[in-house]
Each structure stands twice: as C-alpha cells, then as structure tokens.
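Asks: Here's a structure for you.
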Amino acid sequence: NAASAVEYRCVFVHNSHATLSLENAAVYISSQVAGGTVLAIAIDDIAASAIGGSSAQAFEAATATTDPDAGVGAFSSPSSSGAALSLGTIPAGFCKALWVRRTAANTSAVNDDGGTFVVFGDTAA
C-alpha cells in the first residue's frame with residue numbers, strides 16, 4: 001500500500017447451468033470500501049470457453065503486477081447495470097474471464113478492503 005502498488009487478478013464467470021446459456025451477460029462493481037484501494041475491471045479478449053478446455057481460456061500474465069493490456073479490453077470502474085461491461089453470451093458449462101485491477105493509494109489501514117461485483121444476464125427460459 002505504501003508503494004501505491006498496482007496488481008491484477010484474473011477471475012472467471014462460470015455458467016454452471018446444465019442447458020441454458022447466460023445471454024447478454026454483463027458485470028459491474030456495485031460497491032467498493034471507502035478509503036481503500038481503487039478497483040477497475042476489464043474483459044479478457046478470449047471468447048467464452050468450455051470449463052477445462054485445452055486451449056487458453058484467458059490471457060496469461062507473467063506476474064501479479066504484469067499489466068494484461070495486450071490481452072484485455074480497457075479497464076474501467078462501472079458502478080451500475082447501465083454502465084456494465086459486456087461479457088457476451090456464456091453457454092452452459094462455459095466460462096468467461098475478466099480482470100480486476102487493484103490500485104493501492106498509500107492510505108491508512110482499512111479493515112475488510114475490497115469490493116463487490118455483480119454479474120447479470122438473461123436466459124431463453
């Protein structure tokens with residue numbers, strides 16, 4: 001935190017439904033702890049893929065501080081469903097990667113620092 005470090009994490013959204021696709025899936029940051037780190041998200045460029053697939057399912061960063069900018073969209077901090085980032089359609093049994101950027105700001109200690117993400121979409125049912 002004192003060094004104002006920037007770190008990245010890849011997170012997968014998994015559609016665990018047996019038959020229905022998650023259509024028009026999107027994600028936003030619904031809350032962040034005040035006074036803590038700043039969060040931003042970006043969607044990985046690799047298409048949704050089957051869980052356990054043999055091809056790459058997301059950009060592979062060398063370290064937690066490696067900016068995945070070559071393999072993801074632009075980072076932003078959408079805070080409502082109207083500004084959410086599109087994940088597209090995630091078929092049943094598939095996953096789609098998104099990236100979280102955590103930027104420390106040399107703040108005083110904050111308990112339970114973090115944020116909450118919301119993923120939503122439609123189905124044909």
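The values are calculated or read from the model by the stated rules, or taken from the named source; none is laboratory data. Predicted model, so just to flag it, every value in this text is computed and none were measured. Neighbour counts are summed over all protein chains in view; Cβ atoms, including those assigned to glycine, are modelled from backbone coordinates with ideal geometry. For the accessible areas, the whole protein counts, side chains as well, though only heavy atoms, and no ligand, DNA or RNA atoms are used. Shrake-Rupley method; radii C 1.70, N 1.55, O 1.52, S 1.80 Å.
Asks: From the phi of every residue in region 6-13, what ³J(HN,Hα) in whole Hz does the Karplus formula 6.51 cos²θ - 1.76 cosθ + 1.60 yield, where θ is phi - 60° and glycine or proline is x?
Replies: Rounded to whole hertz, the list is 10, 10, 10, 9, 9, 10, 10, 9.
Asks: Follow-up question, since we're still on this one. Residue by residue through region 117-125, which ³J(HN,Hα) values in whole Hz follow from phi under the Karplus form 6.51 cos²θ - 1.76 cosθ + 1.60 (θ = phi - 60°), with glycine and proline marked x?
Replies: 10, 10, 10, 9, x, 10, 9, 7, 6
Asks: Give me the one-decimal nm value for the distance between modelled label points at A50 and D67, 7 Å along each residue's Cα-to-Cβ direction.
Replies: Placing both labels 7 Å beyond Cα along the Cβ direction yields 3.7 nm.
Asks: What does the accessible area per residue of the chain come to in Å², with a 1.4 Å probe and no ligands, DNA or RNA counted? The partial results should precede the final answer.
Replies: Details: 6700 Å² over 125 residues.
Result: 54 Å² of accessible area for each residue.
Asks: Let me ask something else about it. Quick one: pull the percent of accessible area on region 1-104 belonging to carbon and sulfur, 1.4 Å probe, ligands and nucleic acids left out.
Replies: On region 1-104, the fraction of accessible area on carbon and sulfur atoms equals 54 percent.
Asks: Let me check against my output: what whole-number percent is the relative contact order of the chain, with C-alpha pairs under 8 Å and at least 6 apart?
Replies: Once normalised by length, the contact order is 51 percent.
Asks: Could you tell me the accessible area of L20 in Å² (1.4 Å probe, neighbours in place), rounded to the nearest ten?
Replies: Accessible area of L20: about 50 Å².
Asks: I would also like to ask the following. On the first, second and third principal axes, largest extent first, how far apart are the outermost C-alpha atoms of the chain in Å?
Replies: On the principal axes, the chain reaches 48, 30, 22 Å in Cα extent.
Asks: Given a Förster radius of 35 Å and the C-beta distance between V38 and H17 as r, what FRET efficiency does 1/(1 + (r/R0)^6) yield to the nearest 0.05? Walk me through the numbers before you get to the answer.
Replies: On the way: r = 33 Å, r/R0 = 0.95.
FRET efficiency, V38 to H17: 0.60.
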